[in-house]
1. Quick check on the exposure proxy: order A:36, B:142 from fewest to most C-beta atoms within 10 angstrom.
2. According to the Cα gyration tensor, what semi-axes, each the square root of 5 times an eigenvalue, does the equivalent ellipsoid of chain A have, listed from largest to smallest in whole Å?
3. Under 20 Å from a point 7 Å along the Cα-to-Cβ line of residue A:354: which residues of region B:64-106 have their amide N that close?
4. Could you give the angle, 0 to 90 degrees to the nearest 10, between helix A:62-71's Cα long axis and the longest principal axis of the Cα atoms of chain A?
5. Give me the percent relative contact order of region A:20-227, please, defined on Cα pairs under 8 angstrom at least 6 residues apart.
6. Across peptide A:80-93, how many C-beta atoms of other chains are within 10 Å of each residue C-beta, on average?
7. Looking at region A:20-227 only, what percent of DSSP beta bridges run antiparallel? Nearest 5 please.
8. Starting from the Cα of residue B:81, step 7 Å along the direction of its Cβ; do the same at residue B:129; then give the gap between the two resulting points in nm.
Ligand code: FES
């Protein structure tokens with residue numbers, strides 16, 4: 001094993017990304033033509049049968065999400081494409097947009113058809129500003145070919161796509177914050193309910209999907225031979241885009257069938273650790289992901305197996321850290337990230353992050369005692385329970401995992417910790 | 001908010017016209033405020049949105065000035081304070097950290113003679129820290145006016161980069 005399977009990324013390098021004609025010459029918009037002859041519910045069922053889970057990190061069942069979005073009553077439904085991948089070490093959506101922008105546009109139109117929406121909004125992080133023109137051009141060309149606008153493909157289906165830019169706020173990956181940002185406000189998350197699916201963008205019923213989740217759909221609809229359904233494992237069907245970085249020789253984005261071992265990903269695809277150093281830890285799914293030590297290498301990369309091993313697929317990021325970086329050093333940087341990015345609205349997140357940072361520092365200096373460790377544990381319990389949004393809920397995942405995987409680091413009864 | 005006296009000066013007609021163009025390119029749509037402010041700050045040599053520009057935009061859109069300042073201070077990519085012609089944002093997140101971004105920072109500080117948070121005397125360079133901008137496969141990386149420069153793992157490469165900006 002250790003080979004890629006190009007299904008979602010099948011179009012990479014196959015066409016001129018600035019030309020709709022080029023895209024159509026490799027079968028572009030065939031999936032949309034097929035979709036508009038189908039009932040939306042049947043498409044949602046195909047997605048559900050493929051067990052596609054939200055690939056932005058939350059992992060919510062996408063087929064179910066679409067079925068629910070269809071069922072919501074209300075005018076002017078909207079679809080949002082979340083292209084705000086802000087989790088450190090996550091850059092797979094960047095490649096999907098860069099190398100196959102038209103597929104994303106096609107996918108969004110199909111999503112609009114399925115849920116009965118009138119508009120789609122792509123919210124792309126400012127960091128990918130260089131991809132803006134590419135997407136705007138794709139939208140423009142799709143419009144001039146009649147794939148967007150009024151009465152698409154003669155089906156009486158009106159649909160448009162709008163592109164919005166973020167401006168460097170990690171918290172805007174969170175649904176309600178993202179929506180506020182598109183509404184032209186500062187992207188601070190709000191309390192739920194009302195839930196987005198009922199009252200989201202401009203108080204309209206809203207369905208949010210990640211770039212990768214959407215990108216699968218056109219390929220899946222045209223997959224006569226069942227390549228996708230036969231790839232992977234019965235529980236984790238198909239393939240996944242993973243981004244690997246950190247201390248590896250060949251960092252990058254790879255598409256793997258589920259079930260590939262972590263070792264294959266790290267050593268065969270990403271080239272292994274430079275100078276054959278030992279692995280200290282691997283973090284899965286970005287800064288809000290859990291961590292494991294090298295014992296994870298032989299675990300197959302599936303939703304179930306990773307979960308049993310104490311980590312999550314999350315965004316699909318794998319951050320490899322070699323022996324030169326200590327666990328506490330890693331935790332410090334991770335904590336700094338969340339302290340920086342917390343919007344400061346709710347006390348558990350704002351103060352929890354601050355205090356955790358001070359306690360880590362104390363531990364690093366060798367001055368922490370058992371009561372400090374107790375405080376740290378308390379913070380890891382309180383923050384997920386009481387924070388307003390996912391940022392505060394996920395901020396201590398790395399810490400929680402570190403306490404489990406590397407108990408010796410927190411053993412203040414013993415000698416120095418580093 | 002403290003104001004530099006010169007910031008209260010009115011905008012030149014030329015700048016007004018340029019901001020008008022930015023607004024137009026966003027269909028004068030106030031929900032595009034983030035995109036409008038991003039484009040506006042690129043009109044200024046030191047990559048920020050001066051107060052006069054913020055008030056001007058507020059006068060053109062159905063939003064109060066407070067909303068504009070809220071956005072300017074909320075989003076990391078936007079600034080209400082003068083930066084530099086080339087604000088150099090050093091990624092401080094984890095993939096860059098384990099690829100020696102500390103050394104990169106020190107090299108930049110040495111070559112420019114300033115610390116993080118400072119601007120060179122001529123207003124050309126500023127050093128800033130930022131969180132991950134999705135170039136982790138090219139760590140350690142910096143971003144300058146939206147463009148990413150990666151794999152900066154030697155003093156020579158950093159020197160070349162700075163020279164290319166001249
Ligand atoms: S960690 Fe530096 S760009 Fe992602």
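Values in this text are rule-based calculations from the coordinates and carry no lab data. Keep in mind that this is a model prediction, so the values were computed, not measured. Cβ coordinates were reconstructed from backbone atoms using ideal geometry, including for glycine residues, and neighbour counts include every protein chain displayed.
1. A:36, B:142
2. The answer is 38, 25, 18 Å, longest axis first.
3. Within reach of a label on residue A:354: B:73-76.
4. Tilt of helix A:62-71: around 50 degrees.
5. Rounded, it is 29 percent for region A:20-227.
6. Going residue by residue through A:80-93 and averaging, the value is 3.
7. Within region A:20-227, antiparallel bridges account for around 10 percent of the total.
8. 1.5
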